[in-house]
Amino acid sequence: MTASLTYRHLFGPGPSNCYPEAISALGNPVLGHLDPLFIEILDRTCESLRQVWGTKNARTLPLSGTGSAGMEAAFVNTVGAGDVAVVAVNGQFGERMCEIARRAGAEVVRVDHEWGQPIDPERVAAAHPAPKVIAAVHAETSTGVRSDIAALGQLKGDALLLTDAVTSIGGLELLADDWGIDVGYAGTQKCLGVAPGLSPFTISDAAFERRIKDPQSWYLDIGLLGGYVGAASGSKRTYHHTAPVTMIASLDAGLSRVLDEGLDAVQSRHAAAGLALQEGLQEMGLELFAAEGSRLPSLTTVRVPSGVDSAAVRAYLLEHFSLEIGAGSGQFASTVWRIGMMGPNANPGSVVLVLGALKEAIAKA
């Protein structure tokens, strides 16, 4: 069976699982970026983002770029030449943090962990006596591992804590203020159930005061973006760039859908779907990759059985079931699968569909 991409069930990394409300909003008439109606949408979106971030930060906004733009904004606004950045690395996106921090001129102190394992907050905090920032991934997309950011926040001292929440925001508990997150960035295409293209971003007042005043990126300068979000940041609203109005309207609709269901209910739904998938995979005799006790419910990593062609199985799923699962990352590209249960796909029916389809694909691919 061949299906149009429009109707495919997309599980795992990629342009995934949009809520119908978010898709519908993409088809609404396009507003001007200075239209008062759009300003209302932008203000409402910023307030909704505060709720999913668990923060009161005034400067909480949808950056006009994907999660990688959020990552870059986090570093270029907080570290410059000679500043020390301690980075916890337990997967691909910790690696990317190191590269972006290096390009921003920081002295990067890597704290490497085995892929598939959570970070060790005590080891990360002890890596340097006085870093400007400490950075870590909450939900490592490449390995399916959740790390304890709250514990790291308790140990950060005077450092600013930068956190990647791309695969956790909206689907897992996320309490930026309580956990001590100073700068956080995320993506829209995972648990929020909105198409990729924006990065939910938040920065505390304390971090804003310690920001780089003339960062290397004009576009991602949070000092200028304060005026973009307007009065909530204490700034008079000013023009900074032409906002992606349709994407922000879609994010507004997706966030409204999530908040109407209730964050606790959405997180419980993700947890139940992830657990059911992981139990089903183990009943099939498959081995999970991420460490027990630190497995993400939103993204499950599973080892490819010996003798099975990973690419052939993924191609079979796409052709015969219109299902996409991700390959592994880095050295695990051909030995691990990544299966997402995110947004509207975090439901019992999706679990049954994936398990049945995967069983057939392994047998026939």
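Picking from Leu259, Leu281, which residue would you name as being of a type outside the set (Lys, Arg) and within 19 Å of Glu173 (Cβ to Cβ)?
Values: Leu281 fails: within 19 Å of Glu173 (Cβ to Cβ).
So the residue among Leu259, Leu281 that is of a type outside the set (Lys, Arg) and within 19 Å of Glu173 (Cβ to Cβ) is Leu259.
Looking at (1) in contact with a His (Cβ under 7 Å, 6 or more places away or on another chain); (2) in a loop (DSSP other than H, G, I, E, B), which is the one condition that is false for Gln216?
Going through (1) in contact with a His (Cβ under 7 Å, 6 or more places away or on another chain); (2) in a loop (DSSP other than H, G, I, E, B) one by one, Gln216 breaks only (1).
Suppose the filter is in contact (Cβ under 8 Å) with a residue 24 or more places away in the chain, in a helix (DSSP H, G or I) and either small (Gly, Ala, Ser) or touching a Cys at 6+ places or on another chain (Cβ under 7 Å) (or both); does Ser268 pass it?
no
To keep it simple, each residue is scored yes or no on (1) under 30 Å from Ala361 (Cα atoms); (2) crowded, with 19+ Cβ neighbours inside 10 Å; (3) not hydroxyl-bearing (Ser, Thr, Tyr).
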{"position": "Gly184", "(1), (2), (3)": "no, yes, yes"}
{"position": "Leu192", "(1), (2), (3)": "yes, yes, yes"}
{"position": "Ile203", "(1), (2), (3)": "no, yes, yes"}
{"position": "Gln216", "(1), (2), (3)": "no, no, yes"}
{"position": "Met247", "(1), (2), (3)": "no, yes, yes"}
{"position": "Ser250", "(1), (2), (3)": "no, yes, no"}
{"position": "Gly262", "(1), (2), (3)": "no, no, yes"}
{"position": "Gly274", "(1), (2), (3)": "yes, yes, yes"}
{"position": "Met284", "(1), (2), (3)": "yes, no, yes"}
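Looking at the structure I just gave you, is Asp178 touching a residue at least 60 places away in the same chain (Cβ under 8 Å), out of contact with any strand residue (DSSP E or B) (no Cβ under 9 Å at 6 or more places or on another chain) and farther than 19 Å from Glu140 by Cα?
Values: touching a residue at least 60 places away in the same chain (Cβ under 8 Å): yes; out of contact with any strand residue (DSSP E or B) (no Cβ under 9 Å at 6 or more places or on another chain): yes; farther than 19 Å from Glu140 by Cα: yes.
So Asp178 passes the test.
What do you reckon, is Ser250 part of a helix (DSSP H, G or I) and polar (S, T, N, Q)? Talk me through it step by step, then tell me what you get.
Details: part of a helix (DSSP H, G or I): yes; polar (S, T, N, Q): yes.
Considered against the rule, which asks whether it is part of a helix (DSSP H, G or I) and polar (S, T, N, Q), Ser250 comes out as yes.
For the subset of segment 112-128 comprising residues that are at negative phi and touching a Gly at 6+ places or on another chain (Cβ under 9 Å), which member is surrounded by the most Cβ atoms within 10 Å (Cβ to Cβ)? First the steps, then the outcome.
Within segment 112-128, the subset at negative phi is 112-115, 117-128.
If we keep only those that are touching a Gly at 6+ places or on another chain (Cβ under 9 Å) too, we end up with 112-113, 115, 118-119, 121, 125.
Details: Asp112: 14, His113: 21, Trp115: 24, Pro118: 23, Ile119: 27, Pro121: 21, Ala125: 22.
Per the stated criteria, the residue is Ile119.
Taking only pairs six or more apart or across chains, which ones have beta-carbon atoms under 9 Å, a first residue in segment 308-325 that is polar (S, T, N, Q), and a second residue that is part of a helix (DSSP H, G or I) and surrounded by fewer than 20 Cβ atoms within 10 Å (Cβ to Cβ)?
Ser322/Leu5; Ser322/Tyr7
Could you list, in sequence order, all residues of segment 277-288 that are over 14 Å from Gly340 (Cβ atoms) and hydrophobic (A, V, I, L, M, F, W, C)?
Going through segment 277-288, the residues over 14 Å from Gly340 (Cβ atoms) turn out to be 279-280, 282-288.
Matches in segment 277-288: Met284, Leu286, Leu288.
What's the number of the condition Gly227 fails, among (1) over 20 Å from Gly80 (Cβ atoms); (2) part of a helix (DSSP H, G or I); (3) touching a residue at least 40 places away in the same chain (Cβ under 8 Å)?
Condition not satisfied by Gly227: (3).
Starting from segment 22-44, keep only residues that are part of a loop (DSSP other than H, G, I, E, B), then list their pairs with residues that are loosely packed, with under 13 Cβ neighbours inside 10 Å whose Cβ atoms are within a distance under 6 Å, requiring at least 6 positions of separation or different chains.
Correct list of pairs: Leu31/Leu37; His33/Thr242.
Looking at Cys18 and the list (1) under 25 Å from Lys213 (Cβ atoms); (2) modelled with pLDDT under 95, which single condition is not satisfied?
(1)
The values are calculated or read from the model by the stated rules, or taken from the named source; none is laboratory data. What you are looking at is a predicted structure, and each value in this text was computed from that prediction instead of being measured. When we count neighbours, we look across all protein chains shown, and the Cβ atoms used for this are built from the backbone with ideal geometry, even at glycine.
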